[in-house]
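**Student:** Take a look at this one; I'll ask things after.
None of the figures in this text is laboratory data; all of them are computed from the coordinates on show. Computed from a predicted model, the values in this text were never measured in an experiment. Every residue, glycine among them, receives a Cβ derived from its backbone with ideal geometry; neighbour counts consider all protein chains shown.
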Amino acid sequence: MRLRSLLSYTVTLLFALAGCGELAICAQAQSLCDLLPAPAVKATLGLTGDLSAKPNTEGGNGCDYKGAAVGPTTVIADSSDDGGMVKMIFDQRMKMLGSGGQAVSGVGDAAYYEERDNQQIPRFPGQEFTQQSLVFRAKGKILSFIVMTPGNGLPKSAILSLGALAISKPINTLKDPS
């Protein structure tokens, strides 16, 4: 009888752990850099050249990805719990998308995508950038990705794929800093 009980407990524990994928990642994820390493982001977006990742935990558990090229590609990723003021802002934004913004399906429970061409960054005079943003709700979190690239930007499908990659990870383990 004890052996059956122990076996049942072990199987239950294994199923619970299997939902996390890589246990080390779940237990230690402090920022999106832990869940979405730079090589995975680079491959998903179809970028060439180096891409580095640095946690941005000032007010969040995000990650700043930067390309090394002149007029670099940058990706700013952030995550917040889906509640309170963040939830209210997201819900309001979904109702009132401006020009260049559109609701998208297939990425979490709700999502919107925005694109802004001909953006300027003071550090890079004379160079135009495209800003592409994806904000979505999934697994009790609201995640945002802002991608700045020189020129005409990336295919929208690449930005949506980055969202799908994030959802495939245990983003619900990310804790908002106190």
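**Student:** Give a quick list of GluC sites (Glu not before Pro) in region 54-161 that DSSP marks as loop, anything other than H, G, I, E or B, with at most 11 other Cβ atoms within 10 Å.
**Tutor:** Numbers: sites: Glu58, Glu114, Glu115, Glu128; in loops: Glu58.
Taking region 54-161 and a limit of 11 other Cβ atoms within 10 Å, the loop GluC sites (Glu not before Pro) found are Glu58.
**Student:** With θ set to phi - 60°, apply the Karplus curve 6.51 cos²θ - 1.76 cosθ + 1.60 along region 162-174 and write out the HN-Hα couplings as whole Hz, x wherever there is a Gly or Pro.
**Tutor:** 5, x, 5, 4, 4, 5, 6, 9, x, 4, 5, 7, 5
**Student:** Could you line up Phe145, Phe124, Phe129 from fewest to most neighbouring Cβ atoms inside 10 Å?
**Tutor:** Values: Phe145 26, Phe124 13, Phe129 23.
Neighbour counts put them in this order, fewest first: Phe124, Phe129, Phe145.
**Student:** What does the C-alpha gyration tensor say about the overall shape of region 21-178? Classify as rounded when a/c is under 1.5, otherwise prolate if a/b is larger than b/c, or oblate.
**Tutor:** Details: a/c = 1.69, a/b = 1.19, b/c = 1.42.
Oblate is the answer for region 21-178, as a/c is 1.5 or above yet b/c matches or exceeds a/b.
**Student:** Further question: For Ser157, Ser79, Ser52, what ranking results if the residue with the fewest other Cβ atoms within 10 Å of its Cβ goes first?
**Tutor:** Working: Ser157 9, Ser79 25, Ser52 12.
By the 10 Å Cβ count, ascending: Ser157, Ser52, Ser79.
**Student:** Over region 31-173, what is the relative contact order in whole percent, taking alpha-carbon pairs under 8 Å and six or more residues apart? Display every interim value, and only then the final one.
**Tutor:** Working: 280 pairs, mean separation 32.4, N = 143.
It rounds to 23 percent for region 31-173.
**Student:** I need Leu47, Leu97 ordered by Cβ neighbour count within 10 Å, fewest first.
**Tutor:** Values: Leu47 20, Leu97 13.
Fewest to most other Cβ atoms nearby, the residues stand as Leu97, Leu47.
**Student:** Taking amide H atoms as placed 1.01 Å from N in the peptide plane, list the residues 5 or more away in sequence, or in a different chain, whose amide H sits under 5 Å from that of Ala110.
**Tutor:** Those lying under 5 Å, H to H, from Ala110 are Arg137.
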